[in-house]
Protein chains: 2
Amino acid sequence: MKDNVNRPFSEDEKSGLYRAIFERRDVRSQFLPDPIPEDVLARLIEAAHHAPSVGFMQPWDFIAIDSVAVREQVLQIFEQENEKAAGNYQGDRQQTYRSLKLQGILESPINLCITCDRSRGGTHVLGRHSIVETDLFSTCLAVQNLWLAARAEGIGVGWVSILDQDKLAATLNLPEQVYPLAYLCLGYVSEFLPQPELQAKGWRSRLPLTELVHGNTWGQPVDNIALSEALKK
Amino acid sequence: MKDNVNRPFSEDEKSGLYRAIFERRDVRSQFLPDPIPEDVLARLIEAAHHAPSVGFMQPWDFIAIDSVAVREQVLQIFEQENEKAAGNYQGDRQQTYRSLKLQGILESPINLCITCDRSRGGTHVLGRHSIVETDLFSTCLAVQNLWLAARAEGIGVGWVSILDQDKLAATLNLPEQVYPLAYLCLGYVSEFLPQPELQAKGWRSRLPLTELVHGNTWGQPVDNIALSEALKK
């Protein structure tokens with residue numbers, strides 16, 4: 001077992017990890033109705049459960065939502081919030097905003113809410129003394145594990161962030177201390193787009209990486225020339 | 001390109017992704033001093049940069065810290081905070097706490113602070129209207145991308161969460177609106193442990209997955225028997 005753990009990744013194994021990272025998309029429009037086999041869904045949740053968590057607190061729970069009635073309620077919450085959000089933009093930008101599809105709540109065969117129980121592990125969770133939000137951060141890491149595993153399985157994931165969290169918590173009957181961190185739509189897709197939809201539609205561009213890397217302190221150039229060059233590729 | 005994107009993952013490619021997820025560790029004690037080649041480090045940062053972000057805002061920056069002077073200042077901040085944290089435990093539990101190694105700031109060849117610029121993308125970032133913390137959540141997803149890519153490259157990562165964020169921000173000279181979300185230690189390792197250190201040392205156990213999955217709303221059983229069975233494996 002231990003030897004196996006320490007075996008270097010083969011080129012194909014590395015490629016699988018990098019493909020998942022670079023070819024992952026936030027899916028809204030390409031969902032197929034086909035159900036996800038239970039063993040595959042369990043594997044995705046297991047992947048999320050193996051995320052790192054502060055003090056090994058594992059603050060996450062998973063609510064698997066196939067009920068159309070529950071999803072229709074969530075869709076209503078989305079629509080109310082999205083109407084408010086659209087009001088932030090004017091003219092052409094609002095037109096573009098309204099043309100974007102921002103959720104696939106009913107088109108996807110299953111939704112998954114990943115929550116964060118802020119009281120799990122008791123009062124003194126190791127490593128959480130200085131930054132209390134580390135439980136939320138840990139739950140995000142679980143989301144990304146699931147998102148990447150889904151990509152490797154050919155399953156698209158869309159994170160619906162335009163929701164009133166209090167209303168969502170009420171709909172899902174969450175206890176007071178449980179925060180609905182991520183509301184995800186999951187399903188097989190007709191295709192994964194070659195680039196993020198917001199980039200393809202001209203909403204925003206990918207930032208050049210060289211502008212985002214600093215050396216030792218903020219705003220200082222990276223004084224390692226080989227690293228600077230490698231970041232330009 | 002597009003066809004390539006939609007090619008199913010081979011078994012080896014899937015295995016690479018799942019190995020990275022299941023064999024990833026939070027490393028503190030096994031760092032080797034060997035430097036990380038610049039092209040590998042650039043690849044890890046590129047992986048982080050391809051995380052999903054709300055409204056494609058890409059709120060992250062990366063501060064690559066090899067300066068021993070800067071790292072010694074960060075270590076001092078850790079030691080102050082860790083002394084306070086240890087005071088939360090009594091008796092045997094405090095003994096165990098003090099025996100745990102919780103950072104590899106100087107032993108690892110390079111530290112990387114991944115920050116979140118809370119003002120990036122202006123006032124109205126698409127999808128961030130309802131939940132303002134989605135910028136922090138996006139940055140966490142970037143952390144996990146980097147962590148998994150590092151694992152595939154044989155590089156260990158340790159997240160140091162026992163830090164006073166204000167002091168850390170001052171040390172790294174961060175602008176007011178930039179939050180130092182994750183302070184990471186990176187380096188090749190003598191070995192990846194077969195299980196999380198906190199589990200191996202009896203600090204806390206992994207929770208049974210079946211207790212963490214709910215059906216449609218909180219506290220309801222999963223009424224799909226095949227899924228329940230699959231979660232037990």
* farther than 28 Å from A:Cys113 by Cβ, of a type in the set (Asp, Glu) and modelled with pLDDT of 95 or more: does that describe B:Asp135? -> no
Here the qualifying pairs (Cβ atoms under 6 Å; residues six or more apart or on different chains; first in the stretch A:29-58 and closer than 18 Å to A:Val160 by Cβ; second among the aliphatic types (A, V, I, L, M) and open to solvent by less than 10 Å² (accessible area, probe 1.4 Å)) come out as A:Leu44/A:Leu146; A:Leu44/A:Ala149; A:Leu44/A:Ala150; A:Ala48/A:Ala142; A:Ala48/A:Leu146
- request: Determine whether B:Leu106 is in contact (Cβ under 8 Å) with a residue 60 or more places away in the chain and either outside any helix (DSSP H, G or I) or open to solvent by 10 Å² or more (accessible area, probe 1.4 Å) (or both).
  value: no
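Only one of A:Leu148, A:Leu198 is of a type in the set (A, V, I, L, M, F, W, C), touching a Leu at 6+ places or on another chain (Cβ under 8 Å) and buried (at least 23 other Cβ atoms within 10 Å of the Cβ); which? Spell out the reasoning first.
Details: A:Leu198 fails: buried (at least 23 other Cβ atoms within 10 Å of the Cβ).
Residue meeting the stated conditions: A:Leu148.
Considering only the stretch A:168-180, state which residues are more than 14 Å from A:Leu136 (Cβ to Cβ) and either surrounded by 16 or more Cβ atoms within 10 Å (Cβ to Cβ) or outside the structural domain of A:Val40 (by TED's automatic domain parsing) (or both). Walk me through how you get there before you give the answer.
Filtering the stretch A:168-180 for residues more than 14 Å from A:Leu136 (Cβ to Cβ) gives A:168-176.
A:Leu168, A:Ala169, A:Thr171, A:Leu172, A:Leu174 - these are the residues of the stretch A:168-180 that are more than 14 Å from A:Leu136 (Cβ to Cβ) and either surrounded by 16 or more Cβ atoms within 10 Å (Cβ to Cβ) or outside the structural domain of A:Val40 (by TED's automatic domain parsing) (or both).
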Within the stretch A:4-34, residues being more than 10 Å from chain B (Cβ to nearest Cβ) and not polar (S, T, N, Q) number 6
When (1) open to solvent by less than 10 Å² (accessible area, probe 1.4 Å); (2) farther than 19 Å from B:Ala142 by Cβ; (3) within 7 Å of chain B (Cβ to nearest Cβ); (4) at pLDDT 95 or above are applied to A:Gly127, the one that fails is (4)
Of all helices (runs of 4 or more DSSP H) fully inside the stretch B:8-100, the set with 2 or more residues that are in the same structural domain as B:Leu148 (by TED's automatic domain parsing) and open to solvent by 30 Å² or more (accessible area, probe 1.4 Å) is B:38-49, B:68-86, B:91-99
B:Leu112 fails exactly one of (1) within 12 Å of the chain's Cα centre (by Cα); (2) outside any strand (DSSP E or B), namely (2)
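Would you mind finding the one in A:Glu197, A:Glu211 that is among the acidic types (Asp, Glu) and modelled with pLDDT of 95 or more?
On the way: A:Glu197 fails: modelled with pLDDT of 95 or more.
One residue alone meets the criteria, A:Glu211.
Condition check: within 7 Å of chain B (Cβ to nearest Cβ) and of a type in the set (Ser, Thr, Tyr). Does A:Ser53 satisfy that? Lay out the reasoning, then the answer.
Working: within 7 Å of chain B (Cβ to nearest Cβ): no; of a type in the set (Ser, Thr, Tyr): yes.
In short, no.
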Going through (1) open to solvent by less than 10 Å² (accessible area, probe 1.4 Å); (2) facing chain B (nearest Cβ under 9 Å) one by one, A:Trp159 fails only at (1)
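The values are calculated or read from the model by the stated rules, or taken from the named source; none is laboratory data. Keep in mind it's a predicted model, so treat the numbers as computed, not measured. All Cβ positions, glycine included, derive from the backbone under ideal geometry; neighbour counts span all protein chains shown. Accessible surface areas use protein heavy atoms only, side chains included; no ligands, DNA or RNA. Shrake-Rupley method; radii C 1.70, N 1.55, O 1.52, S 1.80 Å.
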